[in-house]
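Trainee: To start, I am sharing the structure in question, which I have written as structure tokens.
The values are calculated or read from the model by the stated rules, or taken from the named source; none is laboratory data. Bear in mind the structure is a predicted one, so any value in this text is a computation, not a measurement. Here the Cβ positions follow ideal geometry from the backbone for every residue, glycine too, while neighbour counts run over all protein chains shown.
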Amino acid sequence: MQAQKSFSLHIIASDKDSSFFAHDFSYRKSFTDTLTRYKELQSLLGRLYKGGYLEATFQNLKKDSTALNATLFVGGKWAWASLKNGNVDDVILNRIGFREKLYDNKPLELQQVNQLTEAILEYCENNGYPFASVKLDSISLNQGKLSAEIFLDKNKLVTIDSLSINGDAKIAKSYLANYLGFRFPSIYREDLIQKISVRMRELPFCSESHPTQIIFNSDHAAINLFLKKKQSSRFDFVLGVLPNSNSTGKLLVTGDGQLNLVNPFGRGENVFVSFSQLQPRTTQAELKADYPYLLNLPFGVDGNFYLYKNDTLYLNVKEQIGLKYLFTGVNYLKLFYKNESSSILSFDSAQIIESKQLPSYLDSRTESYGLEYRYEHLDYRFNPTRGMSLLASGQAGTRKVKENAGITQLKDPNDPEYNFASLYDSLKNKQEQYAFTVSIQNYFRVTSRSVIMAAYHGAGIFSNKIFENELYRIGGFQLMRGFDEQSIYASQYHILTAEYHYLLAQNSFFYLFFDAAYVRNKSLTPPTDDFPYGFGTGINFETRAGIFAVSYALGAQQNNPIQFRTAKIHFGYVNYF
């Protein structure tokens, strides 16, 4: 077997003795290839410059097939005698961390000087002086030590006083100015100018057709945007085909329809309406509205109304209003108030009379206050290949159980003296209740067409006593695929998802997925725990009429085996307009 070839390096300093390379400027002498050897020469020069040897240079290089002998002129060690402030505002120097003592009798580094001047210019550009210049003056050299003073010429203070929009995008200038962080008139800020393109890409309803122009006129500047409308409002629905557990041999068709209007009036508003019947005789409806930049301030308001009717058993209504502090893009921090009420529609009176126990669902009202945080940084919102999104909220409140007249007026023929109102005695006091929800999605691009999505979805409700009509309902196309829609009841759930996407087009992809969950139901006595999982495949494909989706999913829970006859098939359609 042939031994690997070795390449050597030997450096001689023409103006220093051999001990010069013993410590701070030692170098590697043996290499397996010539490229690494060349990089070692460059690395040594860099260390010499940083140490103040600004004249260092290689004068002669001699090499044969394996050896390289280099002659190095080191020169004298340059140092600062002092670097003092000439006329720069102390506020600027304090902000960038300049201290004169950092330069007293210290090695002279050109990179350090460049970083100092760039930091001063960057501060000026972000505070109204885009044409500022910096120079060193009063320069003197004495025995290899340099003394200098730093001077700044700010030039004119520039203010940005207008914003114009060119193109077919329908959007209010006041909204766009607030979204981009400008309050007209405002001093020129280069950092905000540089972020315009990035922030415009985060808007779902318009995009740049040409780069932004900044037009200067003496001490004034104007922002000129070129925007085109982007289809972002959407109508979509999902149909589910699954075996009907109540009718052997027959299929049950479920449906979920949504309408999301984005920027309908040109001020970044959002209106969302959904209606679904995901289980037999079960109805769910939701209405949400969002208005950003209230009174041209970085605050927005939103409201939410939610209704859920479970067969003929109970009716849940939730109302929420929130105040948002808006960050960049769609990111925000929200303070909200939520009012939740639940009403019994019917109950089994015979069972209550016999058992002397209340049903598992009760009339109640819960008032809560909470915080919600959203962060999103995706390369393309509708079919991401890189980035992450996070939505997390937590709330705390009190729940009060209301007596149901139908229950309190029951009579037991075998015990006429029994007072059924006494069943509520242990529940009359208000009880504290806490809840949280978290949704995290991460996208990783593996190849030009392959993307991995990893996600976590979790939620929990915590109280001394939890009723059936307070539980989360998961399962189905939206969350925990492979199961009947909203068939899994939980007081707490944690779902991990892994998904592989093979990209077919910008809005088209084939995918494989696996969902694994931990589910707890505390409304039962004793509480139950389960570890359901689901897996399957699907495809989203874009046509002129919209985006169609088909998925096939299998799931198992409570240690039961996978059964192909219980597979779930979902058909979806999304139309952007």
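Trainee: For segment 116-131, give me each residue that is surrounded by fewer than 14 Cβ atoms within 10 Å (Cβ to Cβ) and of a type in the set (A, V, I, L, M).
Mentor: If the condition is that a residue be surrounded by fewer than 14 Cβ atoms within 10 Å (Cβ to Cβ) and of a type in the set (A, V, I, L, M), then no residue fits.
Trainee: Please list, ordered by residue number, the strands (runs of 3 or more DSSP E) wholly in segment 117-184 having 3 or more residues that are among the β-branched types (Val, Ile, Thr) and modelled with pLDDT of 90 or more.
Mentor: Working: elements: 133-142, 145-153, 159-166.
The qualifying strands (runs of 3 or more DSSP E) are 159-166.
Trainee: For residue 488, are the conditions met, namely being within 30 Å of residue 431 (Cα to Cα), of a type in the set (Val, Ile, Thr), at pLDDT below 95 and in the same structural domain as residue 385 (by TED's automatic domain parsing)? Can you show your working first?
Mentor: Working: within 30 Å of residue 431 (Cα to Cα): yes; of a type in the set (Val, Ile, Thr): yes; at pLDDT below 95: yes; in the same structural domain as residue 385 (by TED's automatic domain parsing): yes.
When the stated conditions are applied, residue 488 passes them.
Trainee: Turning to a different aspect of this structure: Considering only segment 109-117, I want to know if a residue exists there that is in contact with a strand residue (DSSP E or B) (Cβ under 6 Å, 6 or more places away or on another chain) and closer than 30 Å to residue 34 by Cα.
Mentor: no
Trainee: Here are 455, 459, 435, 421: which of them is free of Cβ contacts under 8 Å to residues at least 40 places away in the same chain, in the same structural domain as residue 531 (by TED's automatic domain parsing) and buried (at least 17 other Cβ atoms within 10 Å of the Cβ)?
Mentor: 459
Trainee: To continue, here is another question. Residue 539: out of contact with any Lys or Arg (no Cβ under 9 Å at 6 or more places or on another chain), outside any loop (DSSP other than H, G, I, E, B) and either exposed (fewer than 13 other Cβ atoms within 10 Å of the Cβ) or not aromatic (Phe, Trp, Tyr) (or both), yes or no?
Mentor: In short, yes.
Trainee: Going by what's in this entry, would residue 371 be described as under 30 Å from residue 295 (Cα atoms) and part of a strand (DSSP E or B)?
Mentor: On the way: under 30 Å from residue 295 (Cα atoms): yes; part of a strand (DSSP E or B): yes.
Considered against the rule, which asks whether it is under 30 Å from residue 295 (Cα atoms) and part of a strand (DSSP E or B), residue 371 comes out as yes.
Trainee: If you scan segment 288-316, which residues turn out to be of a type in the set (Val, Ile, Thr) and at pLDDT below 95?
Mentor: 312, the sole residue that qualifies.
Trainee: Separate question: Quick check on segment 307-351: of everything there that is of a type in the set (Val, Ile, Thr) and not in a loop (DSSP other than H, G, I, E, B), which residue is nearest to residue 399 (Cα to Cα)?
Mentor: Per the stated criteria, the residue is 317.
Trainee: Then there is this: So, of the residues in segment 534-577 that are hydroxyl-bearing (Ser, Thr, Tyr) and without any contact (Cβ under 8 Å) to a residue 24 or more places away in the chain, which turns out to be farthest from residue 228 (Cα to Cα)?
Mentor: Of everything passing the filter in segment 534-577, 552 is farthest from residue 228 (Cα to Cα).
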